[in-house]
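Quick notes on the structure that follows.
The values are calculated or read from the model by the stated rules, or taken from the named source; none is laboratory data. What you are looking at is a predicted structure, and each value in this text was computed from that prediction instead of being measured. Using ideal geometry, Cβ is built from the backbone for each residue, glycine included, and neighbour counts are taken over all protein chains shown.
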Amino acid sequence: MSYFDSLSTRREVIRAGAALGGGYFFHSLWKPTQVKAQGRANPRGSARFCIVLMLDGGQSQVDTWDLKEGPWTPQDFDIRNVSGGIGRWPYALYPQLAERFDKFLLARSMGAWDAVHGRAQYYIQTGHPLNLALAKEIPGIGAIVAAEYAERRRDTDTLPPYVAMNVVRNQAGLVNSGFLPAKHSPFHIDTTTKLSAYALAPEDKPDFDRRWKLLKEFDERLRTATSLAAKTYRDYNDHYEGAVRLMSDPRAASVFQLDPAEQTRYGNSRTGDACILARNLVEADAGTHFIFVDVYNWDQHSNIYGSDRPRRGGPNAYPSTHQEVSLELDSALAPLLDDLSSTKRTDGTSLLDETLVVCMGEFGRTPGPLSIINGRDHYPGAFSALFAGGGVKGGRVLGKTDAMGAEVIESGWHEKRPIYPEDVAATIYSAMGVDWGKQIQETPSGRTFYYIEPVTAQSHIVNFQEVSEFFT
Amino acid sequence: MFVLVSGWPAYTQTPATPDMQRAHPAQGTPDNRTTASELTAAVAGGTDEPAGVVERKNLIDEYVFGKMEADGIPHAPLASDTDFARRVYLDLTGRIPTPDEVRNFVSSTEPDKRDALVDSLIGSRPFLSKWTYWFGDLARSNGNRIGNDGKNLFYQWTYNALQINTPYDKMVRHMLTAEAVSNWYDGPASYLARWVIIGATCADTVHEDTSDEIAVNSAMHFLGLNLQCVSCHDGRNHLEKVNLWLTDQKRTEFWQQAAFFGKTRVLRRTEVSTARDEYSIDDLGEGYSAAGESVTRVPRNGKDMIEPAFILTGEKPDPDKPLRDEFARMITTHPQFARATVNMFWAGMMGVGIVDPVFDFDLNRQDPNNPPPEGWSIQPSHPELLNALAKDFAENGYDIQRLLRMMATSSAYQLSSKFPGEWKAAYAKYYARKFVRRLTSEEIYDAIVSATNVFDDIPIRGTDLTVHYATETRSPEDMRRFTNAAFFLNVFGQTNRDYSERNNQGAIDQAIMLMNSPFVTERLAAEPGSFLAEAIGREPPLSDEQVVAELYFRYLSRPPEPEEAARATALVATNRQQGLEDLQWLLMNKLDFIFND
């Protein structure tokens, strides 16, 4: 909306059109009378953590995980035959994933509803179409997971339930908690800024403690005022208290730490760094359950195989060619899967067993010959996605496209249609043990919010489902 | 067909009586507005001083204080000079005042010094930057959508229009009627170009979807109406609990509104085969088809070409005149245009709109003489004031500067946020004290760089210009080069003007940013060029007390209170270097630094 929205809080803006009584937003949303399950979803609860790597811009399926060779394929490109339904595989781009087929599943029957980045990315973050009339009240998938996990949050948990990384350039922005309380909002990290901001190094702790103690004295009147009217300041002080608890937790120091040797092992990139942090967050098990990582620069409209676009802007620059983004992803994802699967909890299960990893773009890219500037444009008709962990049975390919990679000819699951973002959302909810059949009635705009749009809602004729085949 | 008001309401209408404001059990009512507003507002500890009588300076005060008087509602006293100075600098210019600006204002003995300060700020360069940035947010101007050249030129056009104080209705007409070979060469053309809907291939624009998008956004920005819902379906069976007026609107009526743009072609210009974010706008299209393809909305299920009709009056365009000229005339001469506009600026200055949210007017709930059905309340907190302000705005040339001056000089705007005695929720809707708001992300950035005097040279993309303040950038992308700063702004809820919404909620990561982010910590030390280095090196040397006082002025726009001065001086005296860096950190993290009260 506008600049004016900033002048009252977002809650306040929503509230004025609210369908519920005063103060509604200042209490827990989760009142039994407002939350109803449709009674059709039986979540499997096979995961406690979810990591979503969104390939921002849209990965070209036909040049990566659903390889179609043609005149555009570079000569001497390292492509090998792989058994187990994988077929031809671009070793030149994904050499490390090629060694780890057993750990993940490829779905080649993905479909998108939209071919414009912002709107399609919004789908990935929410599982819903972008409706600007309602956008302010719609929470992201991560915020819903955060809310659903709020009851199991332990007193010792200091890390935020929903962490998002490197999303500054996401065209949809970072979808917030909508009508849910602000505490379920994403906690936003940019891996290129100093991570020491989040965890106090032992040598910095005395300085910080001194300042924090002083601040409580210097700002005591505002921060502790008890009048009803001073609630704004008290609430903000609560954020400070939460921040100090997080920064002072010894676990934060190990979570927000990037060891140079590990960075090298993860490919020395911001996506590699984000994957290290994601692993650390899962390993720490200190309150974070949903992690969203924006993997930038897949929007290869030109020179998709060309190497004539040098990386600009130094070591923190985003990779700019198809080779670079692919190799960067390969280098980051492979060690993430390795580390999650080799780290065991005391009961013998691995971190990967309890972590669903989803890696996908917001849509695919136009198959067939390259455009006259040697790139590919946006294509929602068919693309590929990678799923691992959290109960997903790896080593398989689901779905099949035609010879060109333009159309899904086998869906690979019980619905005879492509897998849409809503199905992915339902799958995430199911794995995370969230009843995705739930609806929340009387949202601020007076509507009913469905976790996943049911067929009965007006204008939705697709029966969105968990992709149970991933797990069996 | 619904007609909003047959004429201008009388200026002297008596204030609404409370019993006209009847609560709907499941509806945003003045009463629950009050509760939430009340909770989000704050005072820094109440005092027991009597409020006294404030001067009624203009029609705003007549209504605001008249209503409080009639209903026996007490109000806060006028804010102190220092509180007022900080508030009015932030609200009018987006920046905190410099110490000299505060001191000169406070020490002035001129009887009309507040009016004089407002006059000096309105039209100043920071004022023009802030409101140009504000328009950029409203129009969601960004290079990704309309090209760097497009957003830069839109900025320049808006800035110039504000500088020469172009009547607002004229600005809006320019934006709605612009024809251009390229929006990169025509400032106001970017307003329409921004709303284009791109189809499956990146070079296509989807005709009816684009017309819809323009119709939705123009009604939102210029009439305060949210037509988004009825752009897909009738209001009936959807909006009964949300908005009475919208409940009566049909999708076909929305199509008639969109049909004013049915001949408007917003075409993407292409070079080689790649699509550029450059658009032409002309009126050579064939019209709005009810069968037109949709990529963003529920499929259109009609078959005919739609004839335009204005949604508020049913008026049809003169066939001899260009459609968009007719639309621009209808929209800018309708009373709701002025009402929505003054309400939008009122919300900007006062924190909460007379109708709030500002883009959610319910036109069936505006007139106290024609109350809505049982269970619903009149929507505006001050319906007569809203009409009177709108009338005044229209009769005085849609003069934005005059409107803002009227608001900033009113006693209603100048009330303290500190309320004497016990604050009651019911007082909020009377504006019985100032609402407190967190600074916007750009305001916090600007306050930190100006208080520390540590600036980055921010290059404006696509130009040779550099600027020092976030509110001087042309769009958020200009800040991307500065990773720490861009991230800092992002955490405080900056919109990308693409699909993300501005967000002024608080969050844990904001506290971390303020306490320990590189953007902040790198500005604490006495590095060359910083204020601290200059203060430490000054000859003759400043005493500890003087440095402390100066820092309080720089950050909080006021001198330290005696107790604060003693505490801060003791801190600095123990270890000057460390003490001063600590003090800068403390001031940056004091809640009165990041809030505007």
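If we scan the stretch B:530-547, do we find a residue that is within 14 Å of chain A (Cβ to nearest Cβ), assigned to a helix (DSSP H, G or I) and either under 36 Å from the mean Cα position of the chain (by Cα) or surrounded by fewer than 23 Cβ atoms within 10 Å (Cβ to Cβ) (or both)?
Checked the stretch B:530-547: no residue is within 14 Å of chain A (Cβ to nearest Cβ), assigned to a helix (DSSP H, G or I) and either under 36 Å from the mean Cα position of the chain (by Cα) or surrounded by fewer than 23 Cβ atoms within 10 Å (Cβ to Cβ) (or both).
Within the option set A:398, A:336, being under 29 Å from residue A:297 (Cα atoms), surrounded by 23 or more Cβ atoms within 10 Å (Cβ to Cβ) and under 23 Å from the mean Cα position of the chain (by Cα) holds for one residue only, A:336.
Among the numbered conditions (1) in contact (Cβ under 8 Å) with a residue 60 or more places away in the chain; (2) surrounded by 23 or more Cβ atoms within 10 Å (Cβ to Cβ); (3) of a type in the set (A, V, I, L, M, F, W, C); (4) over 22 Å from residue B:597 (Cβ atoms), the only one that residue B:415 does not meet is (4). Within the stretch A:81-95, residues that are under 14 Å from residue A:394 (Cβ atoms) sit with their Cβ atoms under 7 Å from residues that are assigned to a strand (DSSP E or B), at 6+ positions apart or across chains, in these pairs: A:82/A:89; A:85/A:396; A:85/A:397; A:86/A:397. Condition first: surrounded by fewer than 20 Cβ atoms within 10 Å (Cβ to Cβ), touching a Gly at 6+ places or on another chain (Cβ under 8 Å) and of a type in the set (A, V, I, L, M, F, W, C). Can you find one or more residues in the stretch A:403-423 that meet it? Yes - at least one qualifying residue is present in the stretch A:403-423. Tell me, please, whether a residue that is over 30 Å from residue B:394 (Cβ atoms), in contact with an Asp or Glu (Cβ under 6 Å, 6 or more places away or on another chain) and more than 13 Å from chain A (Cβ to nearest Cβ) can be found in the stretch B:262-279. Yes, the stretch B:262-279 contains at least one residue that is over 30 Å from residue B:394 (Cβ atoms), in contact with an Asp or Glu (Cβ under 6 Å, 6 or more places away or on another chain) and more than 13 Å from chain A (Cβ to nearest Cβ).
For the stretch A:190-244, the set of residues classified as more than 8 Å from chain B (Cβ to nearest Cβ), closer than 22 Å to residue B:519 by Cβ and of a type in the set (Lys, Arg) consists of A:205 only.
All of A:472, A:443, A:427 fail the test of being among the hydroxyl-bearing types (Ser, Thr, Tyr) and surrounded by fewer than 16 Cβ atoms within 10 Å (Cβ to Cβ), apart from A:472.
Exactly one residue among A:271, A:232, A:288, A:264 is assigned to a helix (DSSP H, G or I) and within 21 Å of the chain's Cα centre (by Cα), and that residue is A:271.
Can you find even one residue in the stretch B:498-514 that is farther than 27 Å from residue B:87 by Cβ, part of a helix (DSSP H, G or I) and of a type in the set (Val, Ile, Thr)? So far as the stretch B:498-514 goes, yes, one or more of its residues are farther than 27 Å from residue B:87 by Cβ, part of a helix (DSSP H, G or I) and of a type in the set (Val, Ile, Thr).
You will find that of A:112, A:143, the residue that is touching a helix residue (DSSP H, G or I) at 6+ places or on another chain (Cβ under 7 Å), more than 9 Å from chain B (Cβ to nearest Cβ), buried (at least 19 other Cβ atoms within 10 Å of the Cβ) and part of a helix (DSSP H, G or I) is A:143 and no other. Within this structure, residue B:440 fails the test of being over 30 Å from residue A:227 (Cα atoms), polar (S, T, N, Q) and either surrounded by fewer than 24 Cβ atoms within 10 Å (Cβ to Cβ) or out of contact with any Pro (no Cβ under 9 Å at 6 or more places or on another chain) (or both).
Considering only residues in the stretch B:159-185 that are assigned to a loop (DSSP other than H, G, I, E, B) and in contact (Cβ under 8 Å) with a residue 40 or more places away in the chain, the one that is surrounded by the most Cβ atoms within 10 Å (Cβ to Cβ) turns out to be B:183. Can you pull out the residues in the stretch B:85-101 that are farther than 25 Å from residue B:347 by Cα and surrounded by 14 or more Cβ atoms within 10 Å (Cβ to Cβ)? Answer for the stretch B:85-101, where residues must be farther than 25 Å from residue B:347 by Cα and surrounded by 14 or more Cβ atoms within 10 Å (Cβ to Cβ): B:98, B:99, B:101. Does residue A:102 satisfy the condition of being on the phi < 0 side of the Ramachandran plot, more than 10 Å from chain B (Cβ to nearest Cβ) and free of Cβ contacts under 8 Å to residues at least 40 places away in the same chain? No: the conditions fail for residue A:102.
Among the conditions (1) part of a helix (DSSP H, G or I); (2) closer than 30 Å to residue A:117 by Cα; (3) at pLDDT 95 or above, the only one that residue B:140 does not satisfy is (1). Scanning the stretch B:488-507 for residues that are without any contact (Cβ under 8 Å) to a residue 12 or more places away in the chain and touching a Phe, Trp or Tyr at 6+ places or on another chain (Cβ under 9 Å), which turns out farthest from the other protein chains (Cβ to nearest Cβ)? Checking each candidate, the answer is B:503. There is no residue in the stretch A:132-140 that is part of a loop (DSSP other than H, G, I, E, B), surrounded by fewer than 23 Cβ atoms within 10 Å (Cβ to Cβ), at pLDDT below 90 and in contact with a strand residue (DSSP E or B) (Cβ under 7 Å, 6 or more places away or on another chain).
Got at least one residue in the stretch B:193-211 being of a type outside the set (Phe, Trp, Tyr), in contact with a Gly (Cβ under 8 Å, 6 or more places away or on another chain) and closer than 10 Å to residue B:281 by Cβ? Within the stretch B:193-211, one or more residues are of a type outside the set (Phe, Trp, Tyr), in contact with a Gly (Cβ under 8 Å, 6 or more places away or on another chain) and closer than 10 Å to residue B:281 by Cβ.
Results for (1) within 26 Å of residue B:215 (Cα to Cα); (2) of a type outside the set (A, V, I, L, M); (3) part of a loop (DSSP other than H, G, I, E, B); (4) away from chain A (no Cβ under 14 Å), shown as yes or no for each residue.
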| site | (1), (2), (3), (4) |
| --- | --- |
| B:347 | yes, no, no, no |
| B:354 | yes, no, yes, no |
| B:359 | yes, yes, yes, no |
| B:378 | no, no, yes, no |
| B:397 | yes, yes, yes, yes |
| B:413 | no, yes, yes, no |
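Please indicate, with yes or no, whether at least one residue in the stretch B:445-462 is in a loop (DSSP other than H, G, I, E, B), modelled with pLDDT of 95 or more and buried (at least 22 other Cβ atoms within 10 Å of the Cβ). Within the stretch B:445-462 (the criterion being in a loop (DSSP other than H, G, I, E, B), modelled with pLDDT of 95 or more and buried (at least 22 other Cβ atoms within 10 Å of the Cβ)), the answer is no, since none of the residues qualifies. One residue alone among B:445, B:431 is touching a strand residue (DSSP E or B) at 6+ places or on another chain (Cβ under 8 Å) and more than 9 Å from chain A (Cβ to nearest Cβ), and that residue is B:431. Of everything in the stretch B:226-274 that is acidic (Asp, Glu), part of a loop (DSSP other than H, G, I, E, B) and free of Cβ contacts under 8 Å to residues at least 60 places away in the same chain, the residue that is nearest to residue B:205 (Cα to Cα) is B:234. The residue list A:443, A:427 contains one member that is outside any strand (DSSP E or B), within 14 Å of another protein chain (Cβ to nearest Cβ) and touching a residue at least 40 places away in the same chain (Cβ under 8 Å), which is A:443.
Listed here are the residues, each with its yes/no results for (1) assigned to a helix (DSSP H, G or I); (2) facing chain A (nearest Cβ under 9 Å); (3) at pLDDT 95 or above; (4) surrounded by fewer than 18 Cβ atoms within 10 Å (Cβ to Cβ).
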{"site": "B:559", "(1), (2), (3), (4)": "no, no, yes, no"}
{"site": "B:566", "(1), (2), (3), (4)": "yes, no, yes, yes"}
{"site": "B:569", "(1), (2), (3), (4)": "yes, no, yes, no"}
{"site": "B:578", "(1), (2), (3), (4)": "yes, yes, no, yes"}
{"site": "B:582", "(1), (2), (3), (4)": "yes, yes, yes, no"}
{"site": "B:586", "(1), (2), (3), (4)": "yes, yes, yes, no"}
{"site": "B:593", "(1), (2), (3), (4)": "yes, no, yes, no"}
